[in-house]
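What follows is a set of notes on a single structure, which appears directly below.
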Amino acid sequence: MNEWSLIYEGFDPEAEPTREALCTLGNGYMATRGAQDETHAGGPHYPGTYLAGGYNRLVTEVAGRPIENEDLVNFPNWLPVGFRHTDGADEDARGWFDLHKVEILDYRQELDMAEAVLHRRLRVRDAEGRISRIESRRLVSMDAPHLAAQRWSLTPENWRGPIEVRAALDGRVVNGGVARYQSLRNQHLEVETAEVTEDGLLQLDARTSQSRLRMVQAARVRLFHGQEPLDTPPLPASSAGVAEARYRLEARQGEPIVLEKVVAVFTARDRAISEPGSAARESAHAAGDFEALHRRHALQWGQLWRRFDMRISNTTQEDTARMNLILRLHVFHLLQTTSPHTCDLDVGVPARGLHGEAYRGHVFWDELFIFPLLNQRLPEITRGLLLYRYRRLNAARALAASQGCRGAMYPWQSGSSGREETQQVHLNPKSGRWLPDNSHLQRHVNLAIAYNVWRYVQVNDDTEFLSAYGAEMILEIARFFASLSSYNATTGRWEILGVMGPDEYHDGYPDADEPGLDNNAYTNVMVCWLLRRARRLLDRVPFHRREELCEDLEISDDELARWDEIAAGMTVCFHPDDDGNPVISQFQGYGDLLEFDWVGYAHKYGDIQRLDRILEAEGDTPNRYKLSKQADVLMLFYLLSTEELDELFQVMGYAWDGKLLERTIAYYSARTSHGSTLSRVVHSWVLARVDRGRSWQLFCEALKSDVSDIQGGTTSEGIHLGAMAGTVDLMQRGYTGMQLAEDVLWLNPRLPAELTRLEMEMRYRGHFLQFLVTHDRLRIAASNHLVGPIRIGFEGRVYDISDGRSLDFDLAEAEPRRRTG
């Protein structure tokens, strides 16, 4: 098996939507799905092109009331090329090549991840018996983010004669990639011009209807007969919304006709340009040919892979190749959504990447699973993405104020401006009913943002970012949660009422009039963590900056004392497990809910990942049962070390021990449907120390989330970026036992039995660290002569390591051997 290429043999219409998503090409600025060159949207094909941060809003009347939704826009399709025979038929009767109307003799599609090029090769026979070979290569440049290119060829195998070849830019696109959104308005673009310019370029100028974001695409088309350039003049064939040129040629048996299309894409928000039209035309003219673009593009990808690649060995060669392939696929799609080109853009991380229209391209909490991988490979990307949140701090303050709270409350779903983009109603495709959507009550997204800032600063020691941006965000989020907390005089403790946890199946109590849950354990414990970190960070910024922050935000000693009081008195609820021993309650009252008939529903429905939809279609609700869509309480064990949890529970005045952790993991593992792709990542992580066999099983299932589309059709709407990054991070930090505490990088490797070797390189505080991990050996080597030593912790001892030096640990004996060079 090729560990660098995702290969599909044979054309499968049913699998095509998923293949399109998995074969998406992008560069952090834009991305295009891996659709066929000759097709348009319809049937199994959906050639979407998405721009990072390219949103637009439309209003639709739903159930008698106007609903405004903001979507990541499907921008004009730059892919169309094709041909038709022109002998023996009048012009109206000529049919353009259609993959569904020919006999496919051979078909192979290959996503080369090493160089980020999509290859396609097919042989077909038409109704007249003509056999043709079609080949194409495609890239979206990682070297020049405004450029994309195709090289398409047609070789007649047993025929010759006149043909017409076409190349187009198609602006007649809508947001139609998600079936359950079909009843909503989806025409986001207004095409202003579509033409062939006097100098032979295709140019399409479009604008979004509400956000007024102008995009211009300009394409340079060149034709070849074999290696010989053709000067065939284009025949303008543009129509409403389509810039198109056609070329009449004489095809010769055995000689390829090659069409090369280089497309430049610019918008009115891009920097260092006068206006997008002239920028696109100049860029299209100045660009090299496909091979020159490919060389530079491959060079940039080679450099990225040196940073991000990791190599594992499994017990069998086949498993090793398959897992390396999928891990690389996950890294590949992460880098196509968030690349070095993202750093200077005002964009967040869409949960489904730039690969489709599910979740409308919104930004959720998935950064929590994505940033750890970026932090220790290319932290500049994390920094840029955190600035997306900082720029929306005022919007978060306004949102908090609208709820009667102080501080900053970021929305559960974010898009262009930082307002709450969570839909007011959502469609259950099983029942066909539109239902209230209460997921905006997931205030824990703010905890994720604060946690991300803190961990980024920890890993990179970026105190300048903390002083200039991060501290203000953390302090304002802490202030929000302090404001949200209320004192219960009966219990003598602080509470957080009316929220939702990560679970999402539970949005309220059975038969309650208002949505929301009280004292969600994940939220409350993380608020305790946050309030203590907010106090501590004031000691990590320079004194003069601390003074400025306290002045600007009007933070008083009394307010800080109140944060301490809330942290020390925060409520955590418990209830007995099946054996009568206490476990952490997901929320207050969870233990009073009904047990769920897992066996019966699995027998009745088979796939029960989305029990919320199943139960609602039956007229029931998950709010009545002890069940979870995904990890909720267990998120605590994912984010925080045992030592951190021990400290927090002591602060709050609760007993903590390892048995409570093990019981809580076992309790919720038996009551989780894994209806989110993130769930198996978290469960695998928390089980890595208590049940390595089950952890490995869940890790393998998580690896399949998108490549095997285990949720039954969701991957075609966009990949699950958090799960993709999370699986790689599980290998990076989970199985190496990597934790950062008090400026020491601690390691405690525990590889599953099936995993025999792990090699990777990471960045940590300026150093490039090379890791080799086996069942009996850990080796760490450092390189960067420009920074000082760093501290590595293992088995309770701390070691300094600097440029050119390494540490070797015998995992059986747990004693290091120092090496130089």
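The residues listed here are Trp529, Trp494; of these, the one that is open to solvent by less than 40 Å² (accessible area, probe 1.4 Å) and not in a strand (DSSP E or B) is Trp529.
This table checks each residue for (1) under 16 Å from the mean Cα position of the chain (by Cα); (2) within 16 Å of Pro502 (Cα to Cα); (3) among the aromatic types (Phe, Trp, Tyr); (4) surrounded by fewer than 24 Cβ atoms within 10 Å (Cβ to Cβ).
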| site | (1), (2), (3), (4) |
| --- | --- |
| Gly361 | yes, no, no, no |
| Asp366 | yes, yes, no, no |
| Ile370 | yes, no, no, no |
| Leu373 | yes, no, no, no |
| Gly384 | yes, no, no, yes |
| Arg397 | no, no, no, yes |
| Ala401 | no, no, no, yes |
| Ser439 | no, yes, no, yes |
| Tyr451 | no, yes, yes, yes |
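In segment 309-318, is there at least one residue being assigned to a helix (DSSP H, G or I) and within 30 Å of Arg757 (Cα to Cα)? Reasoning before the result, please.
First, the residues of segment 309-318 that are assigned to a helix (DSSP H, G or I): 317-318.
Add one more test, that the residue is within 30 Å of Arg757 (Cα to Cα), and what stays is 317-318.
Scanning segment 309-318, I find at least one residue that is assigned to a helix (DSSP H, G or I) and within 30 Å of Arg757 (Cα to Cα), so the answer is yes.
Determine which single condition Ala567 fails, assuming it passes every other condition in (1) in contact (Cβ under 8 Å) with a residue 60 or more places away in the chain; (2) surrounded by fewer than 16 Cβ atoms within 10 Å (Cβ to Cβ); (3) closer than 19 Å to Met473 by Cα; (4) not hydroxyl-bearing (Ser, Thr, Tyr). Evaluating Ala567 over (1) in contact (Cβ under 8 Å) with a residue 60 or more places away in the chain; (2) surrounded by fewer than 16 Cβ atoms within 10 Å (Cβ to Cβ); (3) closer than 19 Å to Met473 by Cα; (4) not hydroxyl-bearing (Ser, Thr, Tyr) leaves (2) as the failure. The set of residues in segment 761-775 that are open to solvent by 10 Å² or more (accessible area, probe 1.4 Å), over 21 Å from Thr320 (Cα atoms) and either free of Cβ contacts under 8 Å to residues at least 12 places away in the same chain or in a strand (DSSP E or B) (or both) comprises Arg763, Phe768. Highlighted here are the strands (runs of 3 or more DSSP E) found entirely within segment 57-134 that include at least 2 residues which are out of contact with any Phe, Trp or Tyr (no Cβ under 6 Å at 6 or more places or on another chain), modelled with pLDDT of 95 or more and not aliphatic (A, V, I, L, M): 65-75, 103-112, 117-125.
Taking segment 151-193 only, how many residues are touching a Leu at 6+ places or on another chain (Cβ under 7 Å) and closer than 14 Å to Leu25 by Cβ? Within segment 151-193, residues that are touching a Leu at 6+ places or on another chain (Cβ under 7 Å) and closer than 14 Å to Leu25 by Cβ number 0. From the list Ala264, Ala167, Ala206, the one residue that fits, being touching a His at 6+ places or on another chain (Cβ under 8 Å), among the small types (Gly, Ala, Ser) and in contact (Cβ under 8 Å) with a residue 12 or more places away in the chain, is Ala264.
The single condition among (1) farther than 23 Å from His426 by Cα; (2) touching a residue at least 60 places away in the same chain (Cβ under 8 Å) that Ala35 does not satisfy is (2).
The single condition from (1) assigned to a strand (DSSP E or B); (2) open to solvent by 40 Å² or more (accessible area, probe 1.4 Å) that Val265 fails is (2).
Can you give me the number of residues within segment 699-716 that are surrounded by fewer than 24 Cβ atoms within 10 Å (Cβ to Cβ) and in a helix (DSSP H, G or I)?
4
Taken over segment 270-289, the criterion of being assigned to a helix (DSSP H, G or I), among the hydrophobic types (A, V, I, L, M, F, W, C) and under 29 Å from the mean Cα position of the chain (by Cα) is satisfied by Ala280 alone.
Kindly indicate which of Arg220, Arg295, Arg322 is outside any strand (DSSP E or B), closer than 30 Å to Asp344 by Cα and either polar (S, T, N, Q) or under 34 Å from the mean Cα position of the chain (by Cα) (or both). Give the derivation first.
Values: Arg220 fails: outside any strand (DSSP E or B); Arg322 fails: closer than 30 Å to Asp344 by Cα.
Result of the check over Arg220, Arg295, Arg322: Arg295.
Tallying residues that are touching an Asp or Glu at 6+ places or on another chain (Cβ under 9 Å), in a strand (DSSP E or B) and surrounded by fewer than 22 Cβ atoms within 10 Å (Cβ to Cβ) within segment 37-52 yields 1. Residues that are open to solvent by 50 Å² or more (accessible area, probe 1.4 Å) and within 26 Å of the chain's Cα centre (by Cα) within segment 737-760 comprise Gln739, Glu759, listed in sequence order.
Looking at Gly43, Gly26, which one is free of Cβ contacts under 8 Å to residues at least 60 places away in the same chain and in contact with a helix residue (DSSP H, G or I) (Cβ under 8 Å, 6 or more places away or on another chain)? Show your work before the answer.
Working: Gly26 fails: free of Cβ contacts under 8 Å to residues at least 60 places away in the same chain.
After ruling out the rest, the residue left standing is Gly43.
When each of Tyr487, Tyr509 is tested for being outside any loop (DSSP other than H, G, I, E, B), aromatic (Phe, Trp, Tyr) and either out of contact with any Ser or Thr (no Cβ under 7 Å at 6 or more places or on another chain) or surrounded by fewer than 18 Cβ atoms within 10 Å (Cβ to Cβ) (or both), the lone residue that passes is Tyr487.
The number of residues in segment 464-482 that are surrounded by fewer than 16 Cβ atoms within 10 Å (Cβ to Cβ) and either of a type outside the set (A, V, I, L, M) or in contact (Cβ under 8 Å) with a residue 24 or more places away in the chain (or both) comes to 1.
Output yes when any residue across segment 231-242 is open to solvent by 80 Å² or more (accessible area, probe 1.4 Å), among the small types (Gly, Ala, Ser) and either in contact with a Gly (Cβ under 8 Å, 6 or more places away or on another chain) or closer than 30 Å to Thr155 by Cα (or both), and no when none is. Break it down into steps so the answer makes sense when it comes.
At the first step, the residues of segment 231-242 found to be open to solvent by 80 Å² or more (accessible area, probe 1.4 Å) are 231, 233, 236, 240.
Adding the requirement that they be among the small types (Gly, Ala, Ser) leaves 240.
Keeping just the survivors that are either in contact with a Gly (Cβ under 8 Å, 6 or more places away or on another chain) or closer than 30 Å to Thr155 by Cα (or both) gives none.
Within segment 231-242 (the criterion being open to solvent by 80 Å² or more (accessible area, probe 1.4 Å), among the small types (Gly, Ala, Ser) and either in contact with a Gly (Cβ under 8 Å, 6 or more places away or on another chain) or closer than 30 Å to Thr155 by Cα (or both)), the answer is no, since none of the residues qualifies.
The values are calculated or read from the model by the stated rules, or taken from the named source; none is laboratory data. Values in this document were obtained by computation on a predicted structure and should not be read as measured data. For neighbour counting, all protein chains shown are included, and Cβ atoms are generated from backbone atoms with ideal geometry for every residue, glycine included. All accessible areas refer to the heavy atoms of the entire protein, side chains included, with ligands and DNA or RNA removed. Shrake-Rupley method; radii C 1.70, N 1.55, O 1.52, S 1.80 Å.
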